[in-house]
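Here is the structure we will look at.
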Amino acid sequence: MLAEHNKKDQLKEDDLATGSDVLLETLGQQGVELVFGYPGGAVLPLYDAVYRQSFDNILVRHEQGAVHAAEGYAKATGKIGVVFVTSGPGATNAITGIADAMLDSIPLVVFTGQVGCAAIGKDAFQEVDILSITAPVTKQNYQVHDVKNLPKVIEEAFAVAVSGRSGPVVIDLPKNVASDSTSDKDDGKTDALYSIQQEEKLDEAMLSSIHEALLQAKKPLVLAGGGVIAADAVPELREFVHEFNFPVVSTLVSLGVLPANDSLFLGMGGMHGTYQANMAFYECDFLLNIGSRFDDRLATNAAEFAPNARIAHIDIDESELGKVITTEFPVRADARKALDWLTSNAKTRTRQEHKEWLQQLTDWRQQHPQNYETNEKQIKPQAVIEEVGRLTAGDATIVTDVGQHQMWAAQYYPFKRPRQIITSGGLGTMGFGLPAAIGAKLAVPEKEVVLFVGDGGIQMTVEELDVIREYKLNIKIIILNNKALGMVRQWQDLFYEKRRSQTIFSGQPNFIKLAHAYGIKSVKLSPKSWRKTLADVFAKNESALVEADIPELEQVYPMIAPGQPNQVMLGVD
Amino acid sequence: MHEIIECKMKNRVGVLNRLTGLLTRRNINIESALIASTPDNQLAVAKFRIYVAQAQEREHLKRVIAKQIDVLSVNWCTDDFTKNSGTN
């Protein structure tokens, strides 16, 4: 479906290329295949160039959807997601997605339209100061005042988005710059100052200390975070932990870093993590954190986290070192380079068995397995996710929204590869799922894409169903409907004496008919035959919306109450 | 304690906004500031006198400022403008 970009012959020879033409040309040079966007007044020149050059723009139905879709695209591939939105409300609608990308370190370049340079600061129609608004939620932002600077600024933005710790970059494009002729294009001297900080040399002395300490450890543990995925270091991590027999805990966003069935994999740690993962944090005597930022949903009580361990922390972002947890061995490094070093510079290849420690972890797993009560009269959300795991052989790209279903998906889907879970980890953005699934499908169409979403979250970005219809995307949308904002209700039940303030929906749209209105096939699962219905849905190569009414008061367990240390879990048998 | 943090950065529109935003977010008041550009206008140096309660916060603040794309270096100075020996 991707059009060829190089259609400049469509321009009459005597046409002068505009800033917008240069912009698209530069995107092509950066390897951009498609953008997610929504037109408007300030980006009329840009969209005129999109039209003339037949550039691939995925027309979303709301700017928030454009950014989440670009995030899904970037998360699924590691490439930079690109967004076009107009000025004013177009740009402010994009903020949630930009903030989401900032917290989850997702590389994006977002072009916001702006009123013409002469009108800036005069409260012009659809003018906002988007540079000030986006400053705290971007790695960097730019406003281009001269068309001759445009290529250099775009090049710098693309370099910044993926240098070091990835993140979003905004380029604000005044309308006159987008339409200016480029006849006097780039004289070679631009105002853009191009200097990405070079990566520092590996701290080999510290890595060596880590290695020594690891070999002495009786109860070593590796925490592998999103940084391992972002650095494409999963093969290196797997080689490292198998070489030395180190058990591994993942975070939410790094699920798939080891296959779910790997004997060294303890599952996700943190607030809704597995029993053995959280107990391992408590008991381990050496913790090697690679690429996780000790988020408060993981280290639920920083002061009491891993109280018996010496802690090493490898992160590409120096400001993460010592931010939450004081570490004895801090290393600023790319995860892949550090892992390569740790594996290849091993002074001994004697495989440490850690027999007692691994047996302890196995015992915990067997004594307190992740489970739920089954009930044939009801459709349990955990069972739906397990069934989808079977139907997709654990290989689907799993996209989630935010809430209880997100945690159940993390707990019960058998992830086995990196970039397989696409979820809003840091910002916890309801409404993320549906547009992110669109981006993930467009990025890697050969993979089955399954969206698990709640009845609350789907209503936040439901308009993007129209994009699925328009582009005929095969996405399986599974609404786990408890007629409530389930996770908030769970907290109210546990910590606010069941005062369910504003979390129970008194009425809902008919999701089956809603899907129909968008031209998407839909089916409601019945407790008696839901497995067969689900199998039929997955047998077809077309999108479908599946609604499952789940028990309204189902809780996510295990759960660590906020502020409690990891070993204090609720809902463990 | 009251201290002075010195940032050398590219002299471009908005860079100060980013820096002060990092302080605002952490509820740190700027008690005095001194900002000047280099003669060629390419770089600027800013000194802020601020109060930071904890040592851990101090180091973290330095690092989040240092990772801004336009910031070239960050140093803590003493809280005396007459002494300019940059230390880490």
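The values are calculated or read from the model by the stated rules, or taken from the named source; none is laboratory data. The structure presented is a predicted model; accordingly, all values stated were derived computationally and were not measured. Here the Cβ positions follow ideal geometry from the backbone for every residue, glycine too, while neighbour counts run over all protein chains shown.
Considering the range A:359-401, and only residues there that are outside any helix (DSSP H, G or I) and of a type in the set (Ser, Thr, Tyr), the residue that is surrounded by the most Cβ atoms within 10 Å (Cβ to Cβ) turns out to be A:THR400. Counting only helices (runs of 4 or more DSSP H) that sit completely within the range A:459-517, those holding 3 or more residues that are surrounded by 16 or more Cβ atoms within 10 Å (Cβ to Cβ) and hydrophobic (A, V, I, L, M, F, W, C) correspond to A:465-470, A:511-517.
Return the residue satisfying two criteria in turn: it lies in the range B:45-79 and is small (Gly, Ala, Ser) and within 12 Å of chain A (Cβ to nearest Cβ), and of such residues it is surrounded by the fewest Cβ atoms within 10 Å (Cβ to Cβ).
So, considering only residues that are small (Gly, Ala, Ser) and within 12 Å of chain A (Cβ to nearest Cβ), the one surrounded by the fewest Cβ atoms within 10 Å (Cβ to Cβ) is B:ALA55.
If you filter the range A:69-104 down to residues that are closer than 9 Å to A:PHE36 by Cβ and under 11 Å from the mean Cα position of the chain (by Cα), you find that the one that is surrounded by the fewest Cβ atoms within 10 Å (Cβ to Cβ) is A:TYR73. Taken over the range B:9-37, the residue count meeting the criterion of being within 13 Å of chain A (Cβ to nearest Cβ) and either at negative phi or at pLDDT 95 or above (or both) is 17. Scanning the range A:104-132 for residues that are assigned to a loop (DSSP other than H, G, I, E, B) and within 13 Å of chain B (Cβ to nearest Cβ) yields A:SER105, A:ILE120, A:GLY121, A:ASP129. Here is the figure for the range A:518-533: residues that are in a helix (DSSP H, G or I) and of a type in the set (D, E, K, R) total 2. For the residues A:ALA135, A:ALA157, A:ALA101, the requirement of being assigned to a helix (DSSP H, G or I), under 23 Å from B:ALA66 (Cβ atoms) and away from chain B (no Cβ under 14 Å) singles out A:ALA101.
Can you tell me which residue in the range A:36-48 is nearest to A:ALA69 (Cα to Cα), limited to those that are surrounded by fewer than 23 Cβ atoms within 10 Å (Cβ to Cβ) and small (Gly, Ala, Ser)? Walk me through how you get there before you give the answer.
Here is the first cut: in the range A:36-48, the ones surrounded by fewer than 23 Cβ atoms within 10 Å (Cβ to Cβ) are A:39-41, A:44-45, A:47-48.
If we keep only those that are small (Gly, Ala, Ser) too, we end up with A:40-41.
Numbers: A:GLY40: 19, A:GLY41: 22 Å.
Per the stated criteria, the residue is A:GLY40.
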